[in-house]
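Structure, as structure tokens:
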Amino acid sequence: MSETHDPLGELVAAAQAAAVAGDYETAVLRQQEALALVQQAGESDELLVAQSVLLFNLANLYEANGRFPQAIAALEQVVALDERTHNPDLEQDRAALARMQRLAELSPEEREQLMLVELQATLVALSEQAQAASQAGEVATAVSIQEEAVALAQELGNSVPALTQLGILLHNLAGYYQDAERYDAAVAAMETVVTIDEQIDAPELAEDQATLKQLRELAAMPSQARADLLAAAQATAAQLAQMSDAEKQSLADSVQRAHENLAAMNPAERQIAMLGAAKEAMAQLAKQVRETAVAVQRGQQHKAVLLAQTKQLRDQIGNNTRFGIARYDFVAYLDVVEALVHGNPVKSIPKPYQAHVKAIRKAKRKK
């Protein structure tokens with residue numbers, strides 16, 4: 001079966017390919033040939049609208065090639081066709097014609113500055129659209145829009161402000177890739193961010209390097225382990241979201257006071273204080289684990305959330321000497337909790353956590 005020949009489609013595609021390659025002279029020639037085909041086909045409303053579209057794109061090619069008189073002439077034809085066919089794009093095309101006329105009156109330097117301002121405005125609009133899409137749960141749309149913004153930002157050059165803006169856009173794109181579970185793409189985007197930071201000596205370098213490390217770890221994880229970890233993070237975020245403003249402020253004040261107190265201590269006092277704070281942190285974390293385990297036992301929470309929580313805590317505390325020898329009891333407590341939710345026998349219970357284990361077992365009996 002022979003393929004259908006589409007001369008118009010082939011010419012339009014050739015024009016687009018040439019434009020992408022930066023060969024605007026060839027792009028203009030192919031677009032003119034496509035326009036001639038449609039003009040020869042007749043003057044129905046449908047064909048006149050097609051002419052309008054081709055002329056509008058031809059005007060853009062003329063602009064890219066610095067041929068502003070021809071661009072204006074093409075847009076004047078677009079407006080005339082819009083009026084004839086009552087095209088709903090009439091006002092938009094009139095605005096495009098007015099813009100082209102203004103550009104033609106400017107010096108090359110003024111024109112470059114105006115186009116830079118327009119590009120910046122477009123980047124802001126695209127970033128806002130991507131953010132709105134992300135907040136609406138439309139992750140694929142957010143990624144597509146942000147990719148468009150990044151591509152445009154790459155045209156701004158290699159000045160420090162331009163690279164700074166590109167880095168911000170790429171950082172956000174990495175976040176959208178992560179939301180879309182495209183972890184390799186997120187890593188690649190964040191690697192470029194770090195490269196830019198190093199190039200411009202950005203103050204965010206250390207923070208972005210830490211983000212890149214986290215993304216690499218996520219990308220290297222088995223899918224189930226990654227899902228468990230993200231579920232635990234979402235559960236923690238949900239707990240924080242339930243805190244009142246007063247509770248959040250109290251927590252922030254406590255952190256600030258702790259920093260101030262540590263700064264006033266000598267090294268020995270600071271070590272003792274940090275050990276005490278570590279023990280208190282483990283006590284609070286043990287309580288959170290107990291509450292999650294109780295919810296699991298009652299069928300109010302999925303077991304994967306608890307297991308991700310215990311794994312994360314074991315990784316954070318098990319080999320961290322800041323928590324002293326008390327960390328061994330804490331890790332043993334995590335082992336007991338996991339055994340309980342799996343229905344496995346428990347050999348021994350660390351004394352500091354016996355009350356927590358009792359509460360978890362009691363919740364199982366009441367299920």
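Odds and ends about this structure:
Let's see how each residue does on (1) in contact (Cβ under 8 Å) with a residue 12 or more places away in the chain; (2) among the polar types (S, T, N, Q); (3) over 12 Å from A293 (Cα atoms); (4) surrounded by 14 or more Cβ atoms within 10 Å (Cβ to Cβ):
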| site | (1), (2), (3), (4) |
| --- | --- |
| D315 | no, no, yes, no |
| V341 | yes, no, no, yes |
| P345 | no, no, yes, no |
| P350 | yes, no, yes, yes |
| Q354 | no, yes, yes, no |
| K358 | no, no, no, no |
| K362 | no, no, no, no |
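- Flag for A18 being without any contact (Cβ under 8 Å) to a residue 40 or more places away in the chain, surrounded by 15 or more Cβ atoms within 10 Å (Cβ to Cβ) and among the hydrophobic types (A, V, I, L, M, F, W, C): yes
- Scan of segment 18-36 for residues that are modelled with pLDDT of 90 or more and more than 16 Å from A71 (Cβ to Cβ), ordered by number: T26, R30, E33, A34, A36
For every residue, the table says whether it meets (1) more than 26 Å from L106 (Cα to Cα); (2) of a type in the set (S, T, Y); (3) in a helix (DSSP H, G or I).
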position	(1), (2), (3)
A19	no, no, yes
E25	no, no, yes
V28	no, no, yes
L35	yes, no, yes
N57	no, no, yes
N60	no, no, yes
E63	no, no, yes
G66	no, no, no
P69	no, no, yes
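- Qualifying residue in segment 153-161 (condition: among the polar types (S, T, N, Q), more than 30 Å from F56 (Cα to Cα) and at pLDDT below 90): yes
- Residues of segment 276-326 that are under 14 Å from Y353 (Cβ atoms) and in contact with a Ser or Thr (Cβ under 8 Å, 6 or more places away or on another chain): V289 alone.
- Residue that is among the aromatic types (F, W, Y), modelled with pLDDT of 80 or more and over 27 Å from M221 (Cβ atoms), where the choices are Y328, Y353, Y333: Y353
- Any hit, segment 93-108, residues being more than 23 Å from G22 (Cα to Cα), in contact (Cβ under 8 Å) with a residue 24 or more places away in the chain and not in a helix (DSSP H, G or I): no
- Being in a helix (DSSP H, G or I), modelled with pLDDT under 70 and surrounded by 10 or more Cβ atoms within 10 Å (Cβ to Cβ) is a property that M274 has.
- Residue in segment 100-114 that is touching a Lys or Arg at 6+ places or on another chain (Cβ under 7 Å) and not polar (S, T, N, Q) present: yes
The values are calculated or read from the model by the stated rules, or taken from the named source; none is laboratory data. This one's a predicted model, so the numbers in the text were calculated from it and none came from an experiment. For neighbour counting, all protein chains shown are included, and Cβ atoms are generated from backbone atoms with ideal geometry for every residue, glycine included.
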